[in-house]
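There's a structure below that I have some questions on.
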Amino acid sequence: MKSQAEVKIIGEQYCGSYTCGLTMLGSGSMEGFEAVTESGDVTVLKRPDGLELNIENKKSTLSDATEVTTTVQNGGKEPLSMEMLTSVLLQDIKADRIHRLLSFWSAEGKHKVDTIKDLDLEHSWSGHGVRVLKFGNLGSMPVRAYFPFVAVEDSETGTFTAVMLYAPSSWQIEVLVRGDDTVSISGGIADRDFGHWTKKLMPGESYVAPKALFATGNTLEDVCDKLVKAQNPDISPADNHMGIVFNEYCTTWGNPTIDNLKKLADKIAGKGIQYLVMDSGWYGKCGEEGYWWDYRGDWRINKNRFPNGLKELTDYIRDKGMIPGIWFEFENTSQKAPSFYEEDHLVKKDGVPLTVGNVHFLDMEDQWVKDNLKENVINTLKDNNFGYIKVDYNETMGVGCDGPEGMGENLRQKVLATQSFFKEMKREIPDLVIENCSSGGHRLEPSFMELASMASFSDAHECLSLPIIAANVQRVIKPSQSQIWAVMRAKDRDERLWYSICATFLGRMGLSGDVYDLSDHQWDILDKGMDFYRKVSDIIRDGKTTVISCSADSYNEPAGSQLVIRELGNKALIVYHRFEKSNDLEKYTAEQGIDLNSYTVLEKYGEAKTDFSAEALLVERK
């Protein structure tokens, strides 16, 4: 299978068949294109006027997936303006079911499957007309409503074809049915109809569409594993062994001080925790005249909370054997920060600063902004010997902004400038561990994930849906990058502690909560959980998830059970969570046709004997 490509030029004919406004595929812009070269991975199409499409289908060196890169070049004598360009276009796929992954705040990754019939995409009686399913996201939070992913299934043969987009801003995916029983999948930047995207190409200019991945396989988990393993993140050398993170947000709730963080460092020292991360509230006048939310953008150290500066804190944490981390949200600025009023350096829409809630957006392409952030972010990291930064992003710019091109392209350039700053941080501090966070999981897409060592999987800190989200996002990001909250409370019963800790075995262990109030018995449960995590970390990092089975249909009131199996060689990690009205592991696996007797249990953690409890097994095939 090879990807094709299409482009739509403004002023040229749209496709008929009742599709204008639904899709720009099949337009008159594609008339006259002929293949001029086709060798190896590259196909070059050219029109008589010099417009050229270069499509590279390159097998990933990391998995059995294909990377697609599409480039358009104006080889003619006149300027041309694009209003649609595909990153990927797969045609003539036999399929009758469509799989998507939904996503909202603290509800990331819910699996949705529809049949072609349910979506009314069956071809017409005469073959005339085109059926179109078009979905995607608008704004600078690319994982909102949906992940940039789709899989189609032929239930008769049990084959799957899946696509994932590198989509840091607005994107779209289309599934089309024409006059037969096959479908086409296209995806890329949200077009002019969907995302107000246009881009002018002067003679001699070229434009590279965002990269895409596709894979085929025999199960949904199989194709997802291939797509995820094809991602190639820039992991910090310091973060090469699945270290445990403690983030103090659910301890201080945005009110860190030198005293409470020293107290915390004292309590967790010697536990084998690699990172102690200070979250929001260390800056501006937080706690004096407002909440941490109000002072984003004011990166002056809060001297009431840290009278001797931040170096006192980082020295203390490093003396305790841990790497200190710090939280920033450097793209946005709130009303109590001076930068909120720097209108010349803010993103604008309709000629005025774009305001969403109480947030303005710094123009990341602006040199003043770049210089300001180098001083306030990079130099703060360097001067205070931080080894970890949590980069948060808590609002979206929406459909687009002012600039030289269409609103969608202007938006994309702002986000690409943010990604350039991520790279600048790593150039300045090569060992820096970057955590990709956007109100939890709003940036869990490949181009951001490849810039970070890990990511916040969600803001579902203490929700019952914690393990469900943790399992679902395995389909789109590496578990080794997926930092999952386990918040410890003194009031927690053993079952609740197991429930939280076992969820972290679905990714990276991230701890928080009132650990200095835990009893010795509770600490014993946590210590054993950390020991078990270390023993299975190679399976989490390098394994393949073969089973994600969840009978719960609600994130808020989950009922039933969830089973996740991840395999590496002849060993496997089995993680089982029970919700309301649930059965034990043996009965649930029997119902799913999974034979537990084919494994030898090497080690077990937790107990799943009641509703809302959990257990994890390290097993070996007999």
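The values are calculated or read from the model by the stated rules, or taken from the named source; none is laboratory data. It should be emphasised that the depicted structure is a prediction, and the values quoted were computed from it without experimental measurement. Here Cβ is always computed from backbone atoms with ideal geometry, including for glycine, and neighbour counts include all displayed protein chains. These area figures cover heavy atoms from the full protein model, side chains too; ligands, DNA and RNA do not enter into them. Shrake-Rupley method; radii C 1.70, N 1.55, O 1.52, S 1.80 Å.
Can you compute the label reach from Lys200? Point 7 Å from Cα along the Cβ direction, backbone N cut-off under 14 Å, restricted to region 387-430.
Output list for this probe position: 403-407, 410.
What length, rounded to one decimal in nm, is gained on full extension from Leu416 through to Asn240, with 0.36 nm per residue of separation minus their alpha-carbon distance?
Values: separation 176, 0.36 × 176 = 63.36 nm, distance 2.67 nm.
My answer for the length gained is 60.7 nm.
Can you compute the label reach from Asp611? Point 7 Å from Cα along the Cβ direction, backbone N cut-off under 15 Å, restricted to region 458-481.
464-465
Would you report the distance distribution of C-alpha pairs in the chain as whole percents per 10 angstrom bin, up to the bin with the largest distance?
3, 16, 25, 25, 18, 9, 3, 0
Quick one: compute the contact order of region 424-542, relative version, from alpha carbon pairs under 8 angstrom and 6+ residues apart, as a percent. Mind dumping the intermediate values first?
Values: 178 pairs, mean separation 24.1, N = 119.
With pairs under 8 Å counted, the relative contact order is 20 percent.
Using +1 at the Cβ of each Lys and Arg and -1 at the Cβ of each Asp and Glu in region 363-415, identify which of Gly398, Met364, Leu381 lies farthest towards the dipole's positive end.
Selected residue: Leu381.
Which lysines, on any chain, are close to Lys8 with Cα under 28 Å apart, when same-chain ones fewer than 8 places away are left out?
Lys46, Lys58, Lys59, Lys77, Lys94, Lys134, Lys199, Lys200, Lys211, Lys348, Lys349, Lys414
Let me ask something else about it. Test of understanding: what is the full-extension gain from Ser124 to Arg318, defined as 0.36 nm times their sequence separation minus their Cα-Cα distance? Kindly include the intermediate steps, with their values, before the conclusion.
Values: separation 194, 0.36 × 194 = 69.84 nm, distance 6.73 nm.
Extra length from Ser124 to Arg318 when fully extended: 63.1 nm.
Also: Restricting to Cα pairs below 8 Å that are 6+ residues apart, what does the relative contact order work out to for the chain? Please round to a whole percent. Walk me through the numbers before you get to the answer.
Numbers: 1539 pairs, mean separation 71.0, N = 622.
Across the chain, relative contact order equals 11 percent.
Are there any GluC sites (Glu not before Pro) in region 14-101 that are in a DSSP loop and have at most 11 other Cβ atoms within 10 Å? List them by number. Walk me through the numbers before you get to the answer.
Numbers: sites: Glu31, Glu34, Glu38, Glu52, Glu56, Glu67, Glu83; in loops: Glu31.
Those satisfying the criteria are Glu31.
Could you work out the helix-only [θ] at 222 nm for the chain, with each DSSP H run of four or more residues adding -39,500 (n - 2.57) and the total divided by the number of residues, to the nearest 500 deg cm²/dmol?
On the way: 13 runs with 123 residues, N = 622.
Taking each H run of at least 4 residues, the total per residue is -5500 deg cm²/dmol.
May I pose another question? Which of Ala35, Leu506, Val352 sits closest to the plus end of the dipole of the chain, meaning its Cα is farthest towards the positive end, when Lys and Arg get +1 and Asp and Glu get -1 on the C-beta?
Ranked along the dipole, the leading option is Leu506.
What are the ³J(HN,Hα) couplings of region 471-488, residue after residue, when phi is run through the Karplus curve with 6.51, -1.76, 1.60 and θ = phi - 60°? Round to Hz, x for glycine and proline.
Residue by residue, region 471-488 yields 6, 5, 6, 4, 6, 10, 9, 5, x, 5, 10, 9, 7, 10, 5, 10, 9, 8 Hz.
Right, another one. Hey, if we sort Asp611, Asp371, Asp344 by accessible area with the 1.4 Å probe, largest down, what's the order?
Details: Asp611 60, Asp371 85, Asp344 130 Å².
In descending accessible area the options line up as Asp344, Asp371, Asp611.
Given Lys229/Lys382; Lys390/Lys604; Lys285/Lys390; Lys267/Lys491; Lys311/Lys491, which pairs have Cα atoms separated by over 28 Å? Display every interim value, and only then the final one.
Numbers: Lys229/Lys382 32 Å; Lys390/Lys604 33 Å; Lys285/Lys390 20 Å; Lys267/Lys491 18 Å; Lys311/Lys491 34 Å.
Pairs exceeding 28 Å: Lys229/Lys382; Lys390/Lys604; Lys311/Lys491.
Next question. Mind checking the dipole of region 140-258: about its Cα centre, +1 per Lys or Arg Cβ, -1 per Asp or Glu Cβ, Debye to the nearest 20? List each step's numbers first, then the result.
On the way: 8 positive and 15 negative charges, 118 e Å.
Dipole of region 140-258, to the nearest 20 debye: 560 debye.
Given a cut-off of under 8 Å on Cα pairs at least six residues apart, what relative contact order in percent is computed for region 505-581? If you can, show how the numbers build up before the last one.
On the way: 90 pairs, mean separation 19.1, N = 77.
About 25 percent, as a whole number.
Work out how much length Ser519 to Tyr291 would gain on full extension: take 0.36 nm times their residue separation and subtract the Cα-Cα distance, in nm to one decimal.
Values: separation 228, 0.36 × 228 = 82.08 nm, distance 3.14 nm.
Full extension of this stretch gives 78.9 nm more.
State log₁₀ I(q)/I(0) for region 539-622 at q = 0.15, 0.20, 0.21 Å⁻¹ as given by the Debye formula over alpha-carbon point scatterers of equal weight, solvent excluded.
Each listed q maps to, in turn, -0.52, -0.90, -0.98.
Out of region 432-522, which trypsin sites (Lys or Arg not before Pro) are coil in DSSP terms and have no more than 11 other C-beta atoms within 10 Å? Present the calculation step by step, with values, prior to reporting the outcome.
On the way: sites: Arg443, Arg475, Arg489, Lys491, Arg493, Arg496, Arg508; in loops: Arg443, Arg489, Lys491, Arg493.
Those satisfying the criteria are Lys491.
Taking a 1.4 Å probe, which of His196, His111, His577 shows the most accessible area, and what order do the others take after it?
Details: His196 90, His111 70, His577 0 Å².
Heavy-atom accessible area, descending, gives His196, His111, His577.
5 Å is the cut-off here: which amide hydrogens, built 1.01 Å from N in the peptide plane, fall below it relative to Ile323, excluding neighbours closer than 5 in sequence?
Close amide H contacts, sequence-distant or interchain: Tyr275, Leu276.
Could you pull the accessible area for Asp234 with a 1.4 Å probe, rounded to 10 Å²?
Number for this one is 70 Å².
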